[in-house]
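A short write-up of the structure that comes next.
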Amino acid sequence: MKNLYKLSSLPHITVICLLLFSTVGYCQSISNLKTALEGNKVTITYDLAHANAQDKFKFTVYSSHDNYAAPIEAITGDLDNVPAGTNHRLVWDAKSTLTSSFEGEVKVKLVGIKIVVAPPKFALNGLDKSAYKRGSELSLGWTGGRPTDKISIALYKGEQLVEPLAEKIDNNQTFTWAIPKGFKTGSDYTLRVTDDKQATNNNTPAFKIKTRVPFIVKVLPFLVVGIIVAVLPKGGGGGTTPTPEAKNLPDLTIKPN
């Protein structure tokens, strides 16, 4: 019990911050360090600030009692998969770690490693059509990647770049292209989607761009019939005298379909 009281009489516990895959400036992300002796256990609390809230950290604690040779095993709390936040808490069962003959100052080293998680695999969804009319919209979706990734989309014809459609947009997993009304028709068009983090190109299946039939073309046959009926009245009865050319024409008969 004497050793634990000796431990509690320390003016402070020194905490050294080491974060893998980071600069020294990351040490400023750990703040508000506090220690307290609760019975036979030492409690360490800390705040962790980090720019990306999605990143997680794994912490390991070492002690100067063995010259930081091995991680302390008798410690629990916020050690693994720790997000940015305040009042993170660790509890060290010091009595089970220190020998009964130990006396002196104890320093604790807190080592944090950013957990690197591979992003979900990037994959395009299939197109809903194999041909699109000029003036219509083509909708494209995909899955995977990180929300912080930037996506670029370009239109190709075969292996020839036609034009970029989007540059470094957010990875919201959807994109809509309004095909211009005067766009060049043809086949073998594809959209190429590039994820800047995974550095991979993903191509859609080939599709066609075709003309859009104007409404006037659809109704033109009905207009022509109306004109013929107007200029070629049925012979006999009242009305104007038909011209000699009209006398030789057969009567117009319209049969229902």
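The values are calculated or read from the model by the stated rules, or taken from the named source; none is laboratory data. Just so it is clear, the structure is predicted and the values come from calculations on it, not from any experiment. Reconstructed Cβ throughout: ideal geometry from the backbone, glycine too, with neighbour counts over all protein chains shown. Heavy atoms of the whole protein, side chains included, go into the accessibility calculation; ligands, DNA and RNA do not. Shrake-Rupley method; radii C 1.70, N 1.55, O 1.52, S 1.80 Å.
Among the residues making up segment 83-134, a single one is modelled with pLDDT under 85, in contact with a Lys or Arg (Cβ under 9 Å, 6 or more places away or on another chain), of a type in the set (A, V, I, L, M) and more than 22 Å from A70 (Cβ to Cβ): V117. Does N67 satisfy being open to solvent by 50 Å² or more (accessible area, probe 1.4 Å) and in contact with a strand residue (DSSP E or B) (Cβ under 7 Å, 6 or more places away or on another chain)? For N67, the condition - open to solvent by 50 Å² or more (accessible area, probe 1.4 Å) and in contact with a strand residue (DSSP E or B) (Cβ under 7 Å, 6 or more places away or on another chain) - is not met. Every condition in (1) within 30 Å of A206 (Cα to Cα); (2) open to solvent by 40 Å² or more (accessible area, probe 1.4 Å) is met by Y132 except one, and the failing one is (2). Among the residues of segment 110-129, which ones are open to solvent by 30 Å² or more (accessible area, probe 1.4 Å) and assigned to a strand (DSSP E or B)? Of everything in segment 110-129, those that are open to solvent by 30 Å² or more (accessible area, probe 1.4 Å) and assigned to a strand (DSSP E or B) turn out to be I113, K114, I115, A123, L124.
Figure legend. Inter-residue proximity from segment 165-176: first residues free of Cβ contacts under 8 Å to residues at least 40 places away in the same chain, second residues part of a strand (DSSP E or B) and open to solvent by 90 Å² or more (accessible area, probe 1.4 Å), beta-carbon distance below 9 Å, spacing 6+ or different chains. Indicated pairs: T176/E137. Scanning segment 178-195 for residues that are open to solvent by 20 Å² or more (accessible area, probe 1.4 Å) and closer than 14 Å to I153 by Cα, we see that the one that is farthest from the chain's Cα centre (by Cα) is A178.
For I151, are the conditions met, namely being more than 18 Å from R134 (Cα to Cα), surrounded by 17 or more Cβ atoms within 10 Å (Cβ to Cβ) and within 16 Å of the chain's Cα centre (by Cα)? Criteria met by I151.
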